[in-house]
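Engineer: Attaching a single structure in structure tokens format; questions to follow.
The values are calculated or read from the model by the stated rules, or taken from the named source; none is laboratory data. The structure displayed is predicted, hence computed values, not measured ones. So basically every Cβ, Gly included, is an ideal-geometry build from the backbone, and we count neighbours across all protein chains shown.
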Amino acid sequence: MSAPAHAQGNGSERIWTVLDLLKWTTDHFAAKGIETPRLDAELLLAHALDLRRLDLYLRYQEPVAADARARFRELIGQRVGARVPVALLLGEKEFWSLSFSVTADVLTPRPDTETLVEAALARLPDAERAYRVLDVGTGSGAIALALAHEKPRARITATDISPEALEVAGRNAEALGAADSVRFLRGDLFSPVQDEFFDLIVSNPPYLARADAGALAPELAHEPEQALFGGEDGYSVLRPLAEQAPDRLEPGGWLLVEVDPNQAKTVGGWFAAAGLGDGEILKDLAGRSRAVVARKPTLSPGSEVPGRRD
Ligand code: GLN
């Protein structure tokens, strides 16, 4: 099989249509072990042609000019060679039907994490209330900005330890018209919000185990280690998060944390040990345990439960 942009016939260049290129590239990606070959081919070709992906379907029979083919070939090379994820090649990723800029400084938002957004929204039912919400380790800002989009009255704070990530998140907030509804603060875990209390705390922390790094998709090498790995066993952020979050919750406030499926029970146990109740494990669209949720007990007269301390 010859590469599309090199193909020649009788000295005159062969005509490659959109559909030809998609078929060739899909086969090529599949042969190279790319997980979603057709989708990747479509996204990259649309990018090279400066079209939306769905517009490709109306242009299947149209020939693709040499300059666009050269751009496409370059993208194919990076996708297959260095295994650069499509989102990084495009510089953007859709999450919660919103478009997010992504760079190598942030974790690319995953569809799995929409589970967390959905669960958070279900726990912020009152449209009029100015809920105080905290997103710990916001990265691209995906969770915080999806929540801001759905809950314009909420007062949302988003933290990250990485100044580069906060820059990306800030740009995303601007682009999504949410710069005034989300406050971005730099720091580890709860250090930027030490005296504050929230109605809901949500986090997609780094939770992969470094011990498993060898078995992970090569694409992950292009995302920040800081956003992926929770130490050797995957728990180095999850554990202090579970221990400290209850102190930052209002009575009745919710904690929602994304986890690897094999961590859900352990993290649920820590939530309970930290005094949280109503624990629940939520599944993602693929049916895997993906988030752990629990709630700080509400104050009742004479109860021993520590509440807001300010
Ligand atoms: N779910 C991501 C992955 O497996 C990891 C994200 C994270 O560590 N928060 O690629």
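Engineer: Kindly establish whether R290 is of a type in the set (D, E, K, R), closer than 21 Å to A209 by Cα, within 16 Å of the ligand (Cβ to nearest atom) and in contact with a Leu (Cβ under 8 Å, 6 or more places away or on another chain).
Structural biologist: Spelling it out, R290 is indeed of a type in the set (D, E, K, R), closer than 21 Å to A209 by Cα, within 16 Å of the ligand (Cβ to nearest atom) and in contact with a Leu (Cβ under 8 Å, 6 or more places away or on another chain).
Engineer: In the list G230, G252, which residue meets the criterion of being away from the ligand (no atom under 15 Å from the Cβ) and not aliphatic (A, V, I, L, M)? Please lay out each step first, then the result.
Structural biologist: Details: G230 fails: away from the ligand (no atom under 15 Å from the Cβ).
Only one candidate qualifies: G252.
Engineer: Within the range 224-235, work out how many residues are surrounded by fewer than 21 Cβ atoms within 10 Å (Cβ to Cβ) and in contact (Cβ under 8 Å) with a residue 60 or more places away in the chain.
Structural biologist: 3
Engineer: Which one is surrounded by the fewest Cβ atoms within 10 Å (Cβ to Cβ), of the residues in the range 193-208 that are without any contact (Cβ under 8 Å) to a residue 60 or more places away in the chain and either within 7 Å of the ligand (Cβ to nearest atom) or within 16 Å of the chain's Cα centre (by Cα) (or both)? Explain how you work it out, then say what you get.
Structural biologist: Residues of the range 193-208 that are without any contact (Cβ under 8 Å) to a residue 60 or more places away in the chain, as a first pass: 193-194, 207-208.
After this cut, where a residue has to be either within 7 Å of the ligand (Cβ to nearest atom) or within 16 Å of the chain's Cα centre (by Cα) (or both) as well, the list is 207-208.
Working: Y207: 23, L208: 18.
Here the residue is L208.
Engineer: Would a scan of the range 160-181 turn up a residue that is within 16 Å of the ligand (Cβ to nearest atom) and closer than 21 Å to F271 by Cβ?
Structural biologist: no
Engineer: Quick check: anything in the range 236-248 in a helix (DSSP H, G or I), within 14 Å of the ligand (Cβ to nearest atom) and either surrounded by 21 or more Cβ atoms within 10 Å (Cβ to Cβ) or among the hydrophobic types (A, V, I, L, M, F, W, C) (or both)?
Structural biologist: Yes, the range 236-248 contains a residue that is in a helix (DSSP H, G or I), within 14 Å of the ligand (Cβ to nearest atom) and either surrounded by 21 or more Cβ atoms within 10 Å (Cβ to Cβ) or among the hydrophobic types (A, V, I, L, M, F, W, C) (or both).
Let's see how each residue does on (1) modelled with pLDDT of 95 or more; (2) closer than 20 Å to L255 by Cα:
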{"residue": "R59", "(1), (2)": "yes, no"}
{"residue": "V64", "(1), (2)": "yes, no"}
{"residue": "D67", "(1), (2)": "yes, no"}
{"residue": "A104", "(1), (2)": "yes, no"}
{"residue": "L107", "(1), (2)": "yes, no"}
{"residue": "A122", "(1), (2)": "yes, yes"}
{"residue": "A127", "(1), (2)": "no, yes"}
{"residue": "A154", "(1), (2)": "yes, yes"}
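Engineer: Considering only the range 218-229, I want to know if a residue exists there that is more than 30 Å from G81 (Cβ to Cβ) and in a loop (DSSP other than H, G, I, E, B). Full working, then the answer.
Structural biologist: Taking the range 218-229 and keeping what is more than 30 Å from G81 (Cβ to Cβ), we get none.
Scanning the range 218-229, I find no residue that is more than 30 Å from G81 (Cβ to Cβ) and in a loop (DSSP other than H, G, I, E, B), so the answer is no.
Engineer: Let me ask something else about it. From the list A217, A211, which one is more than 8 Å from the ligand (Cβ to nearest atom), surrounded by fewer than 17 Cβ atoms within 10 Å (Cβ to Cβ), of a type in the set (A, V, I, L, M) and over 17 Å from L116 (Cα atoms)?
Structural biologist: Numbers: A217 fails: more than 8 Å from the ligand (Cβ to nearest atom).
Criteria check complete, one pass: A211.
Engineer: Only residues that are buried (at least 21 other Cβ atoms within 10 Å of the Cβ), away from the ligand (no atom under 16 Å from the Cβ) and part of a loop (DSSP other than H, G, I, E, B): list them for the range 255-287, please.
Structural biologist: L276
Engineer: Scan the range 302-310 and give yes if some residue there is within 12 Å of the ligand (Cβ to nearest atom) and part of a loop (DSSP other than H, G, I, E, B), otherwise no.
Structural biologist: No, that holds for no residue.
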